[in-house]
Amino acid sequence: MGLKRKLSVALAAVFVLVACSEPQQGAAQSAPAPEVAVVTLATTVLALTTELPGRTTDYRQAEIRPQVSGILQQRLFTEGQQVEAGQLLYKIDAAPYQAALANAKANLASSKALAHNAKLKADRFKGLLGSKAVSQQDYDDAVAMLMQADAAVASSAAAVQTAQINLDYTEITAPISGQIGRSLVTEGALLTANQSQIMATIRQLDPIYVDLNQSSTELLKLKKQLRDTGSDTVSVDLLLDDGSDYAQQGSLQFSEVNVDPGTGMVTLRAVFPNRTGDLLPGMFVRARLHHGSDDNALLVPQAAVSRTPKGQASVMLVNLDNKAEARLIEIGRTVGQSWQVLSGLKAGDKVIVAGLQKIRPGAAVRVVEAPAAGSRQPDCDRITGAVNG
């Protein structure tokens, strides 16, 4: 009896071990697929912008120089103030030019007197020519003298006009409206006509230009986008050097027709209103060009994009069989924490954004939607561990 009892106990223990081991093996065989968080792509309206560095420059600039020689007598403006076109800025000693004008007018009067006398003589000879009182040669000489006298009158009149112009140049006026800088000459200075040294500079700052630099490749892309969107104008926003936004919006005017062979860059020019004078020439700014919108843009989170050894962008997505699939894509500009997708994906694709370290292409996965942007990303390791546990 003792032996039989021992055998019964041993058999019962074997059955218990077998019964316990079978569920554990079944559980191991039916381990759940790894869980991944996905984002389902949908089209959105994307504003197309390009940010470029640039510098401000005058809308117009005029350098003031004397057109006649003489002693500077007066400066008639306040440095740094706004001046209007035609406003008197400087006066040069006009006495020599007044005398020259008077002399020219006297020479003109003398020439007119000689011309008058020559005309009377020519008219008399013409009347006597029929009676043979004067010869044809004498009449021809009288006509020639009249023509010379008329030419002398014209020359004297031109001399008067020149003297008047020189006299007018003794008063130097502003050729354009704008802000005038400091005067580089003072009263008593000897000025020379068309001298190289400027007297002052006037800058028109409202509106004001902003010159931007863009690569020729990017310029071609910009032109293509404008053609695709049907836009013929490009509005521009400014970001100042201190990080603040400029309140007024400008517009793109034109681009240079040549590419800098050393840098491969092209200069673009935008114009901005500057009524308050906040923008000064030479300031460094950043310009944001708005050139239309893409009404069917696709954006993929940057966390979902990786690079192949060849540098190509790729993502992992979940196909219709709930299996992971690798796909090469073409990406464009960055938009916040996302990439713009140019090709390779379509609306409705489920792109994996979390749990990538636990899967490989072709592996079955379980899908959970990723939270909206700005909320906490799911901890897939914790979720999977909880399920497996």
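Side notes on the structure shown:
- Using R0 = 22 Å, the C-beta based FRET efficiency linking L239 and S216 works out to 0.40.
- Here the chain is treated with +1 on each Lys and Arg Cβ and -1 on each Asp and Glu Cβ, and its dipole about the Cα centre works out to around 1360 debye.
- A dipole drawn for the chain from +1 and -1 charges on Cβ atoms has a positive end, and of L238, S69, V318 the residue lying farthest that way is V318.
- Dipole magnitude of the stretch 103-199, debye to nearest 20 (Cβ charges: Lys/Arg +1, Asp/Glu -1, about Cα centre): 280 debye
- Axis of helix 95-129 versus longest Cα principal axis of the chain: the two differ by about 50°, to the nearest ten degrees.
- Evaluating kT/(6 pi eta Rh) at 25 °C and 0.890 mPa s, with the Kirkwood radius of the stretch 98-168 over Cα pairs in the Stokes-Einstein relation, gives 185 µm² s⁻¹.
- Centre-to-centre, using Cα atoms only, the stretch 79-121 and the stretch 138-177 are separated by 10 Å.
- The angle separating the long axis of helix 136-169 from the principal Cα axis of greatest extent in the chain is about 50 degrees.
- The stretch 105-254: Rg to Rh, with Rh as the Kirkwood radius over Cα pairs: 1.41
- Per principal axis, descending, Cα span of the chain in whole Å: 186, 54, 32
- Multiplying the residue separation of S293 and K358 by 0.36 nm and subtracting their alpha-carbon distance yields 19.6 nm.
- Think of the chain as a dipole: +1 on every Lys or Arg Cβ, -1 on every Asp or Glu Cβ, centred on the Cα centre; then among F272, A100, T50, T50 lies furthest on the positive end.
- Residues listed by number, the stretch 59-96, amide nitrogen under 20 Å from T162 label point at 7 Å toward C-beta: 66-70, 94-96
- Considering only alpha-carbon pairs that sit under 8 angstrom and 6 or more positions apart, the relative contact order computed for the stretch 98-168 is 52 percent.
- The chain, relative contact order [Cα under 8 Å, separation at least 6], %: 27 percent
The numbers here are math on the coordinates, done by the rules we state, and not lab data. Owing to the predicted nature of the structure, the values given are computational and were not obtained by experimental measurement. When we count neighbours, we look across all protein chains shown, and the Cβ atoms used for this are built from the backbone with ideal geometry, even at glycine.
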